[in-house]
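Each reported figure results from applying straightforward, stated rules to the coordinates on display, with no laboratory input. Model, not experiment: these values are computed from the prediction. As a convention, Cβ positions derive from the backbone with ideal geometry for all residues, glycine included, and neighbour counts pool all protein chains shown.
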Amino acid sequence: MISNTRTSLLRGWSAVCRCQHRNHQFRTSSSSSSLFPGSDSSSAGLVLQSDSTDVYQNLALEDWIDTNVDLQKLSIMLLWRNQPAVVIGRHQNPWTECNLPAMRMAGIPLARRRSGGGTVFHDLGNLNLTFFTSKKAYDRKRNLKVITEALRRVRPGLNVQATDRFDIILNGCYKISGTASRLSRRSSYHHCTLLHSADRSALATLLRPSCSGIHSNATPSIPSPVTNLLDHAPTLQLGELLDALVHQYNAEFGFSSAPSLINPADKSMFPGLSKTVTELQSWEWRFGKTPKFSVQTLLELTDDQYSAHTSAQLHMEVKNGLIESSKLDVPTDWVPQQFSSELSAVLVGERFCPHRAAAALTALLRSETREHQGRLHNLCDAVLSVMG
Ligand SMILES: Nc1ncnc2c1ncn2[C@@H]1O[C@H](COP(=O)(O)OC(=O)CCCC[C@@H]2CCSS2)[C@@H](O)[C@H]1O
């Protein structure tokens with residue numbers, strides 16, 4: 001087992017070496033021992049840049065490095081960007097954190113990362129930086145200093161500061177960077193965002209709750225006013241920013257690494273990574289990992305045929321993303337009591353997901369007489385709308 005991991009690790013990283021040499025980007029030698037210094041050598045630093053913009057591949061790449069690379073003597077700064085995506089923290093509830101219907105409509109994926117903390121929006125105007133070190137060398141303040149110093153270097157007029165909660169703010173109040181981290185037994189990574197030119201209106205639209213009435217102790221996000229660097233430094237191109245970050249990382253830690261472009265989809269370089277991608281994409285990870293929660297909400301019901309309306313009370317318990325119990329109180333003069341009970345019963349065991357639940361309800365509706373169809377459909381729609 002150990003030798004397998006080690007073999008693939010060496011294979012993977014000598015491939016990084018090969019790629020560096022082909023591009024003449026690296027000054028160091030191509031032997032894997034220079035990438036994995038022995039116990040007597042001093043620590044080394046690498047700068048990597050992912051050429052993927054797929055959120056799952058990039059999160060899996062972080063995971064791969066964290067598990068497969070010996071970070072005791074090697075620090076890495078990984079730079080990466082994603083196509084539009086919403087990234088929630090490990091212990092968060094996607095239904096309270098993001099606008100799932102709007103994301104579905106726009107084809108924007110939801111990703112759950114391994115680290116804790118709040119929900120952020122990514123697109124190509126948002127740069128992500130991951131700082132990998134040994135647990136001993138873990139130092140978020142110093143990593144953020146790399147960013148603030150790099151910004152001051154390229155645009156001395158920018159007023160940027162790291163805060164006590166490891167955000168970076170501009171002009172004393174606008175957030176440009178958010179932080180999260182993951183510590184394992186011996187290694188650590190600290191990752192953060194940097195808003196260069198992200199779509200702020202998409203950010204505001206997508207980071208809204210999908211439904212109200214959810215009670216849980218999932219980690220809530222801490223919303224802040226955000227801004228883009230480009231709005232304050234209109235000539236600051238991403239390339240210039242990247243160069244400054246690489247320069248400052250090397251200067252801060254005494255390294256001399258030029259960035260290497262890596263492709264997380266390269267199976268020979270990152271064996272096993274695609275399995276993590278599949279896991280990160282799964283419903284079970286993205287939604288099923290949500291801490292247990294309950295929904296208690298009022299449903300507004302209408303009957304267009306008779307211009308009538310009423311309200312119903314819905315109470316659900318959701319565990320591992322699955323409806324564990326459901327209780328629906330609808331006035332009995334609105335729909336027969338039996339239908340509300342059957343509706344609740346049919347949902348138990350289903351995913352708290354409008355598609356799955358809709359399939360279950362369609363079968364139930366088919367078995368009903370035409371008499372109440374309008375109201376029954378409306379009731380089912382109201383229940384489904386709660387699921388985002
Ligand atoms: N991209 C981005 N950058 C900075 N701030 C953001 C961003 N998107 C949203 N926000 C704002 O931050 C809050 C959430 O703040 P909160 O402090 O709750 O959470 C975070 O900051 C988490 C940062 C995670 C960084 C990881 C690095 C690589 S993968 S994701 C949100 O409601 C918005 O107001």
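So if we plug the beta-carbon distance of H377 and Q83 into 1/(1 + (r/R0)^6) with R0 = 51 Å, what FRET efficiency do we get, rounded to 0.05?
Details: r = 37 Å, r/R0 = 0.72.
The formula returns an efficiency of 0.90 here.
If I take R0 = 35 Å and measure r between the Cβ atoms of K141 and K267 in this structure, what FRET efficiency does the formula 1/(1 + (r/R0)^6) give, to the nearest 0.05? Mind dumping the intermediate values first?
Numbers: r = 37 Å, r/R0 = 1.06.
The pair K141/K267 has a calculated efficiency of 0.40.
Can you list residues from other chains, or at least 5 along the same chain, whose modelled amide H is less than 5 Å from the amide H of L48?
Excluding prolines and chain starts, which carry no amide H, the hits are M77, L78, L79, S260.
Grab the beta carbon distance between E300 and S367, set R0 = 22 Å, and tell me the FRET efficiency rounded to 0.05. Don't skip to the end; give the middle numbers.
Details: r = 26 Å, r/R0 = 1.16.
E between E300 and S367, to the nearest 0.05, is 0.30.
State the volume of the convex hull built on the alpha-carbon positions of the chain, expressed per residue in Å³ and rounded to an integer.
Working: hull volume 61.3 nm³, N = 388.
Looking at the chain, the number lands at 158 Å³ per residue.
If I model a spin label at N171 and E284 as a point 7 Å from the Cα along the Cα→Cβ vector, what separation in nanometres do I get?
4.8
Can you tell me how much longer the chain between Q49 and N320 gets when fully stretched, taken as 0.36 nm per residue apart minus their C-alpha distance, in nm with one decimal?
Details: separation 271, 0.36 × 271 = 97.56 nm, distance 3.49 nm.
My answer for the length gained is 94.1 nm.
Once you've got the Cα coordinates, tell me which of K275/K319; K289/K327; K136/K175; K175/K289; K145/K175 are over 18 Å apart. Show your work: numbers first, answer last.
Details: K275/K319 25 Å; K289/K327 23 Å; K136/K175 28 Å; K175/K289 28 Å; K145/K175 15 Å.
Flagged as over cut-off: K275/K319; K289/K327; K136/K175; K175/K289.
Exposure proxy check: E97, E371, E342 ranked by fewest other beta carbons within 10 Å?
By the 10 Å Cβ count, ascending, the order reads E371, E342, E97.
If you build the Cα gyration tensor of region 293-385 and take the root of 5 times each eigenvalue, what three semi-axes come out, in whole angstrom, biggest first?
Values: eigenvalues 93, 42, 24 Å².
That gives 22, 14, 11 Å for the three semi-axes.
For region 244-252, what does the Karplus curve 6.51 cos²θ - 1.76 cosθ + 1.60, with θ = phi - 60°, yield as ³J(HN,Hα) per residue in whole Hz, taken in order and with x for Gly and Pro?
5, 5, 5, 4, 5, 4, 4, 5, 5
Which cross-chain or sequence-distant (5 or more) residues have an amide H under 5 Å from the amide H of G116, H modelled 1.01 Å from N in plane?
R90, S181
Enumerate the calculated ³J(HN,Hα) couplings along region 277-292 in order (Karplus 6.51 cos²θ - 1.76 cosθ + 1.60, θ = phi - 60°), each rounded to whole Hz, writing x wherever the residue is Gly or Pro.
My calculation for region 277-292 gives 4, 4, 5, 5, 7, 6, 4, 4, 7, 6, 9, x, 7, 5, x, 3 Hz in order.
Residue by residue through region 97-107, what is 3J(HN,Hα) from phi via Karplus (6.51 cos²θ - 1.76 cosθ + 1.60, θ = phi - 60°)? Round to whole Hz and write x for glycine and proline.
Here the 3J(HN,Hα) series is 8, 9, 8, 4, x, 5, 5, 4, 4, 8, x Hz.
Which value results when the Cα radius of gyration for region 149-222 is divided by 2.2 N^0.38 Å?
Values: Rg = 15.9 Å, N = 74, 2.2 N^0.38 = 11.3 Å.
Expressed relative to 2.2 N^0.38 Å, the Cα Rg reads 1.41.
Place a label point 7 angstrom from the Cα of K275 along the Cα-to-Cβ direction, then list the residues of region 57-74 whose backbone nitrogen is under 13 Å away.
In region 57-74, the label zone of K275 (backbone N under 13 Å from the point 7 Å along Cα→Cβ) covers 64, 68.
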